[in-house]
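Beneath this line is the structure, given in structure tokens, with notes to follow.
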Amino acid sequence: MTKHVGVLALQGDTREHLAALRAAGADASTVRRLAELDAVDALVIPGGESTAMSHLLREFDLLEPLRARIAEGLPCYGSCAGMILLATEIADAGVEGRAALPLKGIDMTVRRNAFGRQVDSFEGDIDFEGLDSQVHAVFIRAPWVERVGPDVQVLARAADHIVAVRQGAMLATSFHPEMTGDLRIHKLFVDSL
Ligand code: GLN
């Protein structure tokens, strides 16, 4: 049966994910309110700004409902800011009151803007576990993963830093596959549902 995948659409590059999910065979629509969250089988949290998304999650009364769905096992794919939000712990989360808030889907510590301190944005071809050729990865003020728990599988690294992980139904990349037209990572997520 075709799965209904939501894209959290409070802020960030929502449209590219909707297109990639549809091309990957899912039924995709935006999520901005609780009834829409309740209706989805899985959720993509896009890139954007994790502090702004956290603020809007609170404003839209979605923060605790989303945390509850994730705790119950809602499959999620987070890209860049989405990866940050899926973490159990965020390093450099931002200033008190306007910080990025962890949704606790993947047992990991993610450092915000980690690559950003070195170079703002860069692209490169990286190996990705389970894919038979390299992925062209676009990093934009990207985070990296500093710690993973025992149940987390590392899928990719860039410059020795972890940039893609999976834990059960949860997937996260610190880069943006929705921007390159390479559907393989969205397919990996959709096919796992
Ligand atoms: N630096 C952003 C953040 O902290 C993430 C950047 C991105 O999603 N491209 O949320």
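Bear in mind that the values in this text are calculations on the coordinates, not laboratory data. From a predicted model like this one, the values you see are computed outputs, not experimental measurements. Neighbour counts are summed over all protein chains in view; Cβ atoms, including those assigned to glycine, are modelled from backbone coordinates with ideal geometry.
Details
- Neighbour counting of Cβ atoms within 10 Å sorts the residues T88, T2, T173, fewest neighbours leading, into T2, T88, T173.
- Separation of segment 50-65 and segment 73-121, taken as the distance between their Cα centroids, equals 14 angstrom.
- Under the Debye formula (equal points on every Cα, no solvent term), log10 I(q)/I(0) of segment 10-92 at q = 0.11, 0.14 Å⁻¹: -0.27, -0.44
- Spin-label pair S121/E146, simplified geometry with 7 Å Cα→Cβ offset, distance in nm: 2.6
- Ranked from largest, the principal axis spans of the Cα set of the chain equal 42, 41, 31 Å.
- Residue (of V154, G82, S174) at the positive-pole extreme of the chain, dipole from beta-carbon charges: G82
- Paramagnetic label zone (point 7 Å from Cα along Cα-to-C-beta, A68; backbone N under 12 Å) in segment 1-23: none
- Top of A52, A87, A42 by mean-square fluctuation, Gaussian network on the chain, Cα under 10 Å: A52
- Long-range HN-HN contacts of G78 with modeled amide H, under 5 Å: I45, L171, A172, T173
- Contour minus Cα-Cα distance for D41 and T88 (0.36 nm per residue): 14.8 nm
- DSSP loop GluC sites (Glu not before Pro) with at most 16 other Cβ within 10 Å excluded, longest remaining stretch of the chain: 1-71
- For the pair D160 and E96 in one chain, pulling the backbone fully straight at 0.36 nm per residue adds 20.0 nm over the alpha carbon distance.
- Using a simple spin-label model with pseudo-atoms 7 Å out from Cα toward Cβ, E59 and S29 lie 2.4 nm apart.
- Rg over Rh, two decimals, segment 52-160 (C-alpha only, Kirkwood Rh): 0.98
- Label separation (Q153 vs L193): 1.9 nm, computed from points 7 Å beyond Cα along the C-beta direction.
- A cut-off of 5 Å between modelled amide H atoms, ignoring neighbours fewer than 5 places along the same chain, links A158 with V163.
- For K3, nonlocal amide neighbours, meaning residues 5 or more places apart or on other chains whose placed amide H falls under 5 Å from its own, are D27.
- Computed lengthening from S133 to K104, 0.36 nm per intervening residue step minus Cα-Cα distance: 7.4 nm
- log₁₀ of I(q)/I(0) at q = 0.14, 0.26 Å⁻¹ - segment 144-193, Debye sum with one point per alpha carbon: -0.36, -1.07
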